[in-house]
Amino acid sequence: MQSPSPSERNSAPAHFASLRSAIASRLSFHACATALLFGCVLVLYAWLAWDHQFVWDDVMIFATSSDLHWDTLRLQRIFEPPIPNAPYFRPLVLLSFVGEFALSNGSERAAHMVNIGLHGLNVLLLLFLLRCLTRGRNVLIAPAGALVYMVHPVLIEPVFWVSGRFDLMVTTCALAAAVSTLVFRSHVRVIAVTLAYALGLLSKENGLAIPVIVVAILLTVHPHDAPASNLVQRVRQMLREHRGLFAAIIVTTALYVVLRVLLVVPSSGDYFLGHDLNLAERFALVGRTLMFYLRLVAIPFFDLGPQHFLDLSAGLSVFDWCLAMIGWSLLIASLVLAWTRPVPASWILLSALASLAPVLHIVPLPLLGTLGSERFLTLPLALLIVAAMTLRVRLEAIGSAGFQRIIGLVLTTWFSGCFVVILTTAPLWRSDFSLWYWAHQRYPNHWPVVVNLLEATIRERRHDLAEALVNRFANHRSDPVLAALTALHFTRSNRADQALSILAEVAAVPSAGDQAARAIAPAGWLVSHPHFARFIPSVTAEALIALGRFTEAQVQLETITAKFPDFPYAYALHMIAAFGSGDADRVQQLADIAVGRFTLHQRSAISAELETLSGRFCSSGQTIPAMTLCANRQSLIQRLTNG
């Protein structure tokens with residue numbers, strides 16, 4: 001064999017150096033392009049959410065709770081359910097609100113930017129996870145998967161709704177656990193994965209799926225040429241090799257269960273979807289729910305919204321049963337695939353199903369007739385994308401050029417549809433009125449949508465729409481929530497005497513508060529306490545103020561503010577009543593309490609209510625004894641706003 005010449009020997013290293021430089025340059029280009037694209041999407045999200053308000057459960061969970069305000073922090077509140085009577089234990093997310101309040105004073109904009117930042121962090125973790133699992137393959141696979149996740153329309157809800165932070169944070173913890181499993185070794189891996197698991201459990205209940213995700217990742221990277229040839233032996237060997245990690249996971253799970261038993265009160269009621277189904281119907285509901293989520297993943301363009309109701313009053317329809325059978329068939333096929341062909345995609349697919357299992361109605365869920373919510377897909381969607389991308393790596397070699405062009409066209413159309421949906425749907429989460437008006441177009445007769453929209457129309461002063469809703473549901477005033485809202489509308493449309501009559505009837509209904517507490521809490525300040533005991537008396541006080549009976553109103557409001565010190569609406573009413581009864585000192589005391597107790601958002605709510613309520617007196621020329629509200633309200637509002 002002829003040996004290479006000296007010139008050839010000298011040129012070989014230069015050739016390889018040039019090749020390495022070209023590869024590094026290409027990777028650097030892809031990294032910069034990916035960072036630029038993702039950054040532009042995050043900027044778009046920030047622009048869309050710039051003027052978004054707290055909506056739906058935001059106010060009930062944290063915005064009006066001074067217990068989460070740093071200066072008046074009540075530590076026990078962090079360990080209580082975010083929503084009254086709900087079987088939830090999510091202290092880490094509530095703690096994040098405490099930190100946010102301390103830094104931003106309850107700013108709505110800051111809360112939305114935190115959610116967008118969490119979404120960006122999840123995208124980065126998913127990108128890194130995909131790069132690790134597809135190392136040495138097409139460099140575009142990982143960015144493509146992360147981009148699908150970033151712009152998927154089902155994530156509009158958790159990103160643009162502040163209360164979606166529960167799902168965002170548990171996803172962060174789950175992806176961090178998966179990445180830690182791949183990156184770290186030995187004791188560092190045990191510490192990192194266990195910490196991520198513990199934080200995930202403290203964020204949301206489906207953090208219990210994190211051990212399944214860790215097992216799937218370990219089986220994915222387990223050497224294929226290991227002595228263990230069959231699946232059972234392979235799993236046993238994996239458990240032996242990582243017994244320290246799984247021991248830590250078991251201990252963490254046990255501690256979590258103990259905390260839940262000690263701190264969470266079980267809830268029950270007819271607001272659990274399908275609480276009265278038999279075993280066969282429960283079986284069908286699980287499959288039906290699975291198909292609902294899979295359809296949202298594949299075609300997320302036509303069925304988005306804050307509510308997805310399923311009417312089970314007449315049982316499941318034939319169509320529901322057919323969908324249920326398809327759903328169960330797909331589930332069984334996934335299990336068979338994982339057993340017979342234990343490839344990475346099949347393991348990760350099972351972990352995605354495990355993360356979705358808590359919301360498949362295997363046990364009744366307190367979702368008030370809702371089949372499911374888009375935010376529940378925050379973690380499962382990430383895992384489904386990982387499964388699809390690892391499967392794509394194995395299929396890329398058999399795709400012809402024509403087939404790849406068709407796939408490219410489909411993906412381009414899909415991404416374009418996603419951006420159109422984001423641009424048109426994200427603004428609908430801006431306020432309670434826009435959100436529930438959107439939902440009302442699809443569910444015009446469903447009780448939770450109606451009461452949320454009615455409350456929003458009253459707060460937004462859309463009296464014509466509020467009147468139409470009140471008249472449409474005049475026969476349903478036996479419901480305490482709807483009756484109280486009707487009374488509030490009557491009070492603000494110069495019919496305070498009728499409002500007092502309605503409220504007297506509501507107060508005579510046995511256990512009216514319990515009935516309302518078992519129903520959905522309308523958005524805003526309406527029902528943020530479990531017993532609904534503060535709203536009806538407050539509306540009664542407003543009606544008394546409208547009739548000029550200030551002293552009666554003030555006596556009632558003294559009781560309300562003493563019993564419920566976190567109720568901004570009552571403080572606004574109390575100031576008006578104190579003005580009316582000539583108690584200037586009490587007005588200043590209430591202002592001092594509000595400035596010291598409430599966040600900026602809460603004080604803004606008080607100011608808005610104060611301006612709305614006092615505006616009726618000023619516009620009608622009605623004077624208030626001892627101190628004229630019209631002459632002093634602006635200075636009071638300015639003090640509340642500026643602190």
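The values are calculated or read from the model by the stated rules, or taken from the named source; none is laboratory data. These numbers come from a predicted model, not from an experiment. Counting neighbours? That spans all protein chains shown, and the Cβs are built from the backbone with ideal geometry, glycine included. Quick note on the areas: whole protein, heavy atoms, side chains included, nothing else; ligands and nucleic acids left out. Shrake-Rupley method; radii C 1.70, N 1.55, O 1.52, S 1.80 Å.
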Report summary line: Across the stretch 99-151, the tally of residues that are farther than 19 Å from Val41 by Cα and either modelled with pLDDT under 85 or open to solvent by 20 Å² or more (accessible area, probe 1.4 Å) (or both) stands at 18
Query - Search result, residues across the stretch 144-177 that are over 8 Å from the mean Cα position of the chain (by Cα) and among the small types (Gly, Ala, Ser) - result: Ala144, Gly145, Ala146, Ala174, Ala176, Ala177
Report summary line: So, first residue within 19 Å of Pro358 (Cβ to Cβ) and open to solvent by less than 30 Å² (accessible area, probe 1.4 Å) in the stretch 254-279, second residue basic (Lys, Arg) and modelled with pLDDT of 55 or more, Cβ within less than 7 Å, six or more apart or across chains; the pairs are Gly274/Arg282
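Examine the stretch 299-312 for a residue that is of a type in the set (Gly, Ala, Ser), at pLDDT 75 or above and not in a loop (DSSP other than H, G, I, E, B), and state whether such a residue exists.
Our first condition is that a residue be of a type in the set (Gly, Ala, Ser); within the stretch 299-312, this holds for 305.
After this cut, where a residue has to be at pLDDT 75 or above as well, the list is 305.
Add one more test, that the residue is not in a loop (DSSP other than H, G, I, E, B), and what stays is none.
Within the stretch 299-312 (the criterion being of a type in the set (Gly, Ala, Ser), at pLDDT 75 or above and not in a loop (DSSP other than H, G, I, E, B)), the answer is no, since none of the residues qualifies.
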Requested in this report: Can you give me the number of residues within the stretch 423-464 that are outside any helix (DSSP H, G or I) and open to solvent by less than 80 Å² (accessible area, probe 1.4 Å)?
Outcome: 5
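I want to confirm something. Restricting to the stretch 575-592 and keeping residues that are of a type outside the set (S, T, N, Q) and either outside any helix (DSSP H, G or I) or in contact with a strand residue (DSSP E or B) (Cβ under 8 Å, 6 or more places away or on another chain) (or both), which single residue is nearest to Ile560 (Cα to Cα)? Don't jump to the end; show me each part of the working.
Within the stretch 575-592, the first condition is being of a type outside the set (S, T, N, Q), and the residues that meet it are 575-580, 582-587, 590-592.
From what is left, the residues that are either outside any helix (DSSP H, G or I) or in contact with a strand residue (DSSP E or B) (Cβ under 8 Å, 6 or more places away or on another chain) (or both) are 582-583.
On the way: Gly582: 20, Asp583: 18 Å.
Of everything passing the filter in the stretch 575-592, Asp583 is nearest to Ile560 (Cα to Cα).
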Query raised in the report: Looking at this structure, is Val232 surrounded by fewer than 18 Cβ atoms within 10 Å (Cβ to Cβ), assigned to a helix (DSSP H, G or I) and modelled with pLDDT under 90?
Result: yes
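Looking at Ile385, Ile406, which one is in a helix (DSSP H, G or I), of a type in the set (Val, Ile, Thr) and either under 30 Å from Asn115 (Cα atoms) or modelled with pLDDT of 80 or more (or both)?
Values: Ile406 fails: either under 30 Å from Asn115 (Cα atoms) or modelled with pLDDT of 80 or more (or both).
Result: Ile385 is the single residue among Ile385, Ile406 that is in a helix (DSSP H, G or I), of a type in the set (Val, Ile, Thr) and either under 30 Å from Asn115 (Cα atoms) or modelled with pLDDT of 80 or more (or both).
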Query raised in the report: With respect to Arg461, is the statement that it is out of contact with any Ser or Thr (no Cβ under 6 Å at 6 or more places or on another chain) and on the phi > 0 side of the Ramachandran plot true?
Result: yes
Query - Close pairs from the stretch 335-358: first closer than 18 Å to Leu182 by Cα and assigned to a helix (DSSP H, G or I), partner small (Gly, Ala, Ser) and open to solvent by 20 Å² or more (accessible area, probe 1.4 Å), Cβ under 8 Å, at least 6 apart - result: Ala345/Ala388
Report task. Scan (1) modelled with pLDDT of 85 or more; (2) assigned to a loop (DSSP other than H, G, I, E, B) for the single condition Val188 breaks and write down its number. Result -> (2)
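So which residues in the stretch 369-382 are buried (at least 19 other Cβ atoms within 10 Å of the Cβ) and modelled with pLDDT under 90, if there are any at all? Lay out the reasoning, then the answer.
So the first thing to find is which residues in the stretch 369-382 are buried (at least 19 other Cβ atoms within 10 Å of the Cβ), and the list is 369, 371-382.
Residues satisfying the conditions are Gly369, Leu371, Gly372, Ser373.
Taking Glu467 as the residue in question, decide whether it is surrounded by fewer than 16 Cβ atoms within 10 Å (Cβ to Cβ) and either in contact with a helix residue (DSSP H, G or I) (Cβ under 8 Å, 6 or more places away or on another chain) or among the aliphatic types (A, V, I, L, M) (or both). Working first, answer last.
On the way: surrounded by fewer than 16 Cβ atoms within 10 Å (Cβ to Cβ): yes; either in contact with a helix residue (DSSP H, G or I) (Cβ under 8 Å, 6 or more places away or on another chain) or among the aliphatic types (A, V, I, L, M) (or both): yes.
Answer is yes for this residue.
Quick one: in the stretch 563-592, which of the residues that are among the aliphatic types (A, V, I, L, M) and under 32 Å from the mean Cα position of the chain (by Cα) is farthest from Ser65 (Cα to Cα)? I'd like the intermediate steps shown before the answer.
First, pick out the residues of the stretch 563-592 that are among the aliphatic types (A, V, I, L, M): 570, 572-573, 575-578, 584, 587, 590-591.
Pick out the ones that are also under 32 Å from the mean Cα position of the chain (by Cα) and you get 570, 572-573.
Details: Ala570: 14, Ala572: 16, Leu573: 18 Å.
Selected residue: Leu573.
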**Report entry** All positions within the stretch 549-583 that are over 20 Å from Ser604 (Cβ atoms) and either acidic (Asp, Glu) or open to solvent by 30 Å² or more (accessible area, probe 1.4 Å) (or both)
**Finding:** Arg549, Thr551, Glu552, Val555, Gln556, Glu558, Thr559, Ala562, Lys563, Ser581, Gly582, Asp583
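Among the residues of the stretch 25-48, are any among the polar types (S, T, N, Q), within 30 Å of Ala144 (Cα to Cα), at pLDDT 75 or above and buried (at least 16 other Cβ atoms within 10 Å of the Cβ)?
The first filter runs over the stretch 25-48 and keeps only residues among the polar types (S, T, N, Q), leaving 25, 28, 34.
Next cut, within 30 Å of Ala144 (Cα to Cα) only: 25, 28, 34.
From what's left, at pLDDT 75 or above: none.
Taking every residue of the stretch 25-48 in turn, none turns out to be among the polar types (S, T, N, Q), within 30 Å of Ala144 (Cα to Cα), at pLDDT 75 or above and buried (at least 16 other Cβ atoms within 10 Å of the Cβ).
Modelled with pLDDT under 70, of a type in the set (A, V, I, L, M) and crowded, with 20+ Cβ neighbours inside 10 Å: which single residue out of Leu544, Leu610, Leu590, Leu640 fits that description?
Working: Leu544 fails: modelled with pLDDT under 70; Leu610 fails: modelled with pLDDT under 70; Leu590 fails: modelled with pLDDT under 70.
So the residue among Leu544, Leu610, Leu590, Leu640 that is modelled with pLDDT under 70, of a type in the set (A, V, I, L, M) and crowded, with 20+ Cβ neighbours inside 10 Å is Leu640.
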Report task. Examine the stretch 511-531 for a residue that is surrounded by 16 or more Cβ atoms within 10 Å (Cβ to Cβ), modelled with pLDDT of 85 or more and of a type outside the set (A, V, I, L, M, F, W, C), and state whether such a residue exists. Result -> no
